[in-house]
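To start, the structure under review is shown below, and the notes come after it.
Bear in mind that the values in this text are calculations on the coordinates, not laboratory data. Nothing here was measured: the structure is a model prediction, and the numbers come from that model. Cβ placement follows ideal geometry from the backbone for every residue including glycine, while neighbour counts extend to all protein chains displayed.
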Amino acid sequence: MEMPLLDAIRKTIAQSKARFHTPGHKVRPKDCIHEAVLGLLGDRPFAADLTELPGLDNLSAPTEVLRQTERLCARIFGAKESIILTCGASSGVVAAILAACHPGSIILVPRECHRSVLSGVVLSGAEPVFYPSQVVHFHDLPAGVPVADLCELIRSIRPTALLLSNPNYFGVCRDLRKAVALARELGIVTIADEAHGAHLPFVRPEASAISWGADIVIHGAHKTLSVLTQGAIVHFSGDLNMASRFRDSLRLVHTTSPSYIILASIEGMAAHLQSRGGEKLRRLAALAVELKSRLQTDERIRIFPTGVELEPDSWVDPFKITLAWVGIDARSAERELITAYGVYPELVCGNDMLFLLGEGDGQETLQLLENSIREVASRYKARGATGKPLIWTRFLQEPWPERLMNPREAFFKKREWVSIQHATGRVCAEPVLLYPPGIPLIWPGEAFTAELCSFLSEAAEAGWSMIGLDESRCVEVCTEG
Ligand SMILES: Cc1ncc(COP(=O)(O)O)c(C=O)c1O
């Protein structure tokens, strides 16, 4: 199997005796790399920590080995073109919005989008128009938008760009191909934030926006494939002019010093998938489906979407195992899972807990997951009901808070911190997000409502993890006058 990038990295390591270029450590383990770091990592990552040297290409305008990796990605993911990134899916989402929009352009976005969408909107000066998500009440989870509603909005608003979150953070995929086709017909650019769906082209290709012909599809490859953190790939399967426009936009936000270690891991993942196909991913998906159906029988937990009527166009990604603890405090369960079993979930939100599977999982890890969930559930049985649940998904539904300014305008206004108790009616300067999942509950330019302020106080009290609300429970608002 040809791996030109890895070969080039190996050759450079073998040839170099003195490195008069970045990075500064120069692979001098004894002289300047702390022994604790060497103890943890060894010196191999430092040896492969290279930069744009002869033979190693340049990610800002790749023509050699990195371009070959991109072409390989396009082939195996079924895209017309692909571009690789080392600054996470976030940089891909921001660059996609910058490529598709200009100041004042209307972009249709799901209210449940990730904060990187907000960053793209602030940087581009686009005007977001939100669409709501349906909500699964028992779990307090967003479940995407029905395609007919989205098509109606596209027809009436005629935005410059349409943004989709597919799958959403909780693994709900909707069949939105008709919306993508309509957007194409109307000359609207479709951006699919498929950060959590890099495995979809191999597990269920028809659920990936690549197969729908979306113009820009962003994969946070590190989330579910065997790629180092921050490794991402952006695919183009519609208008190819977007690829070149995207590359230009990417230069505005991406580092000029990409990590060759991350890049090598992307090539390795692509080479693996090329030689083995997606069989391992499909096997894992089947194991996850079996695990979910076994856990469904345990009355102390409720596996999403058991007992929930999802719309017929919805499908839940097997790589996301979300469960609600019944009568058990989810944070206590999380502590127990970590301390007693070494099992770390991806997220705890209210009483829901989400476990994210990835290419590296298999029979053994899934068995450990099943055993630990069952044992924690049985041990906590005696605890009885937990307190009143806090419902966060109501902020993903209309009416939205009143918008008094465009997000970009609000972002650049003078700002001050005010206590959440006094924030009602004040214009948000910095969003407040639940983290994870990184979904803004309020956008810059919107007025804080009394309902949101009281939710934020209660959520802080209950120990929810949030960004944008500091330890003294203050938020950043635009100064008045
Ligand atoms: C839906 C969605 N899009 C984009 C991102 C950003 O991904 P990254 O962390 O790779 O920058 C995330 C991160 O969790 C996400 O959930």
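Here are some notes:
- On the stretch given as region 43-67, residues that are in a helix (DSSP H, G or I), without any contact (Cβ under 8 Å) to a residue 40 or more places away in the chain and farther than 13 Å from Ile13 by Cβ total 1.
- Single condition Leu123 does not satisfy, out of (1) more than 24 Å from Met466 (Cα to Cα); (2) of a type outside the set (Gly, Ala, Ser); (3) out of contact with any strand residue (DSSP E or B) (no Cβ under 7 Å at 6 or more places or on another chain): (1)
- All of Ala198, Ala243, Ala192 fail the test of being part of a strand (DSSP E or B), in contact with a Phe, Trp or Tyr (Cβ under 9 Å, 6 or more places away or on another chain) and not aromatic (Phe, Trp, Tyr), apart from Ala192.
- Flag: Gly171 does not match the condition of being crowded, with 24+ Cβ neighbours inside 10 Å and touching a strand residue (DSSP E or B) at 6+ places or on another chain (Cβ under 9 Å).
- Complete set of residues in region 288-329 that are in a helix (DSSP H, G or I) and either buried (at least 18 other Cβ atoms within 10 Å of the Cβ) or of a type in the set (Val, Ile, Thr) (or both): Ala288, Val289, Leu291, Lys292, Leu295
- Tally, over region 159-182, of residues that are over 18 Å from Pro128 (Cβ atoms) and part of a strand (DSSP E or B): 3
Each row is one residue, and each column tells you yes or no for (1) in a helix (DSSP H, G or I); (2) within 16 Å of the ligand (Cβ to nearest atom); (3) at positive phi.
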position: Ile373; (1), (2), (3): yes, no, no
position: Ile391; (1), (2), (3): no, no, no
position: Glu409; (1), (2), (3): yes, no, no
position: Pro437; (1), (2), (3): no, yes, no
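- Extreme residue, surrounded by the most Cβ atoms within 10 Å (Cβ to Cβ), among residues of region 218-248 that are more than 16 Å from the ligand (Cβ to nearest atom) and not hydrophobic (A, V, I, L, M, F, W, C): Ser237
- Some residue of region 145-161 being buried (at least 23 other Cβ atoms within 10 Å of the Cβ), within 16 Å of the ligand (Cβ to nearest atom) and over 21 Å from Gly92 (Cα atoms): yes
- Selected residue [of a type in the set (Asp, Glu), crowded, with 24+ Cβ neighbours inside 10 Å, within 16 Å of the ligand (Cβ to nearest atom) and touching a residue at least 24 places away in the same chain (Cβ under 8 Å)] from Asp193, Asp215: Asp193
- Any hit, region 45-59, residues being under 27 Å from Gly120 (Cα atoms), away from the ligand (no atom under 16 Å from the Cβ) and in contact with a helix residue (DSSP H, G or I) (Cβ under 6 Å, 6 or more places away or on another chain): yes
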